[in-house]
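Okay, so here's the structure we're looking at.
Only the coordinates and a few stated rules stand behind these numbers; no lab work does. Please read all numbers here as calculations on a predicted model, not as lab measurements. Cβ placement follows ideal geometry from the backbone for every residue including glycine, while neighbour counts extend to all protein chains displayed.
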Amino acid sequence: MLSWTLLSCLLVGAAAAYPYGWLPQNDTRSYEVEGRTLAAIHQVSNKFTGVLLKATLELYRPDATVIRGQLKTPVYAQINRDLSGGWSEQIPDLSVNWNKLPVTGSPFEVHLNYTTGQVERLIVNVAVELWEVNMIKGIL
């Protein structure tokens, strides 16, 4: 039992010490991101209203402190339905009407603190509207 605990601690320590984290330098990754914003009055019924969002997030890391990204093919759907399983109930893609989200699709750049990995700055094109910047922040 003690050896498994020690081995687990060593693995966690080794993973935490890996300098490039989840995105190695000079590597590109694509992620399918999904989000939902729902509201309901639970005391009355399980009827929810809100918005679903889907997009592809492409990230590239040119050096240790910079990540470049871009949202591709973002779509949204308005929801107004009964979710008997609560807000986390799965909603099939075919049961909603997906619409293209009118975003600029401009690339953005994230600058990280070298020692902590925390985000220091998010740089976007000046033409990107505030709601799109906030959406990027929420996804990151």
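Table for the structure above
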| read-out | value |
| --- | --- |
| Peptides ranked, highest mean first, by Cβ atoms within 10 Å: ranges 119-128, 100-109 | 100-109, 119-128 |
| Nitroxide proxy distance, nm - points 7 Å out along Cα→Cβ at THR28 and LEU130 | 3.4 nm |
| Contact order normalised by residue count of segment 22-139, Cα under 8 Å, 6+ apart, percent | 21 percent |
| Taking TYR76, TYR31 and counting other C-beta atoms within 10 Å, the order from fewest to most | TYR31, TYR76 |
